[in-house]
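A short worksheet on the structure shown next.
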Amino acid sequence: MLGVNSVPVGEGVPEQVDVTAGPVPVHVHAEPGVVATVPLPVMKRPEKIAALSTMDEQEVRNCTKCVLCEGRIQTVFGEGDPDAPIMFVGEGPGQNEDEQGRPFVGRSGDLLEKQVQAMGFERSQIYIANVVKCRPPNNRTPLTGEVDACSDYLRRQIEIIRPKVIITLGGPAAKLVLGVKEGITRIRGQWHEYPGVSPAVPVMPTFHPAFLLRQYTKENRAKVWSDLKKALERVGQDSS
Ligand code: SF4
């Protein structure tokens, strides 16, 4: 880990940024999905790569389990290191992600990458996924049924990757992953647990990069950096 305290979040990002795609204030299903009670053996890296690839290619890419399949250009499965210690989870793809088939591209992705680098990682060293794998039309709120249909893919991604820490980005992702009803302002910065796998994974909710870009204040940047530092400390503790 490099320079944990040496690089401010969002350094180099202009104060005035026009961002149209933002965190979607939504109703999301509050249930975190099927709770695993029996710990599965941790996969070796080649097994993880194969399992993720198979899920993407044989299930997600052709998935028609909810109506979001009708408007997508392509699915956005997720990407990154299958052995990543930190997994970022957002609520769903936006227009850029739908077009490119990758999570967190465009301005939000640029800021997330800066945050990741400030934490001492390259983007390729962490894993990034979304709760729903297809873009809701006009970036609308993912509906409960859509989240229900898709959430098992995320649960299985988490189960395969077994990150040491999950960082949820924005309120909707936090609500789904944690099964809580409180808004992001209330729960960010506090440790929670994702109980969908066993052992449960620590979760740190923080603001969505698009929100931060829209409200790029010193106070908000400090809050996010505080959240990210807590995640880093947890990873360091776990790895020590
Ligand atoms: S959002 Fe998820 S459940 Fe719905 S069609 Fe896409 S991959 Fe399938």
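Mind checking which pairs have a first residue in the stretch 89-102 that is within 13 Å of the ligand (Cβ to nearest atom) and a second that is at pLDDT below 95 and assigned to a helix (DSSP H, G or I), Cβ under 7 Å, 6 or more apart or different chains?
Glu91/Pro172; Glu91/Ala173
From Ala210, Ala174, grab the single residue that is closer than 19 Å to Gly78 by Cα, in contact (Cβ under 8 Å) with a residue 60 or more places away in the chain and under 14 Å from the mean Cα position of the chain (by Cα).
Details: Ala174 fails: in contact (Cβ under 8 Å) with a residue 60 or more places away in the chain.
On inspection, the qualifying residue turns out to be Ala210.
From the list Val67, Val60, Val34, pick out the single residue that is near the ligand (Cβ under 9 Å from one of its atoms) and either at pLDDT below 95 or open to solvent by 80 Å² or more (accessible area, probe 1.4 Å) (or both). Walk me through how you get there before you give the answer.
On the way: Val60 fails: either at pLDDT below 95 or open to solvent by 80 Å² or more (accessible area, probe 1.4 Å) (or both); Val34 fails: near the ligand (Cβ under 9 Å from one of its atoms).
Testing whether each residue is near the ligand (Cβ under 9 Å from one of its atoms) and either at pLDDT below 95 or open to solvent by 80 Å² or more (accessible area, probe 1.4 Å) (or both) leaves just Val67.
Within the stretch 66-88, can you find the residues that are touching a residue at least 60 places away in the same chain (Cβ under 8 Å) and in contact with a Cys (Cβ under 7 Å, 6 or more places away or on another chain)?
Matches in the stretch 66-88: Cys66, Leu68, Cys69, Arg72.
Could you check how many residues of the stretch 140-153 are more than 9 Å from the ligand (Cβ to nearest atom) and surrounded by 18 or more Cβ atoms within 10 Å (Cβ to Cβ)?
Going through the stretch 140-153 one residue at a time, the tally reaches 1.
Which condition from (1) out of contact with any strand residue (DSSP E or B) (no Cβ under 8 Å at 6 or more places or on another chain); (2) under 28 Å from Pro39 (Cβ atoms); (3) within 12 Å of the ligand (Cβ to nearest atom) is the one that Ile160 breaks?
It is condition (3) that Ile160 fails.
Provide a single number: the residues in the stretch 197-240 that are open to solvent by 20 Å² or more (accessible area, probe 1.4 Å), closer than 12 Å to Met119 by Cα and modelled with pLDDT of 95 or more.
Selection size over the stretch 197-240: 5.
The values are calculated or read from the model by the stated rules, or taken from the named source; none is laboratory data. Bear in mind the structure is a predicted one, so any value in this text is a computation, not a measurement. Glycine gets a Cβ as well: all are built from the backbone with ideal geometry, and neighbour counts include every protein chain shown. For accessibility, only protein heavy atoms count, side chains too; no ligands or nucleic acids. Shrake-Rupley method; radii C 1.70, N 1.55, O 1.52, S 1.80 Å.
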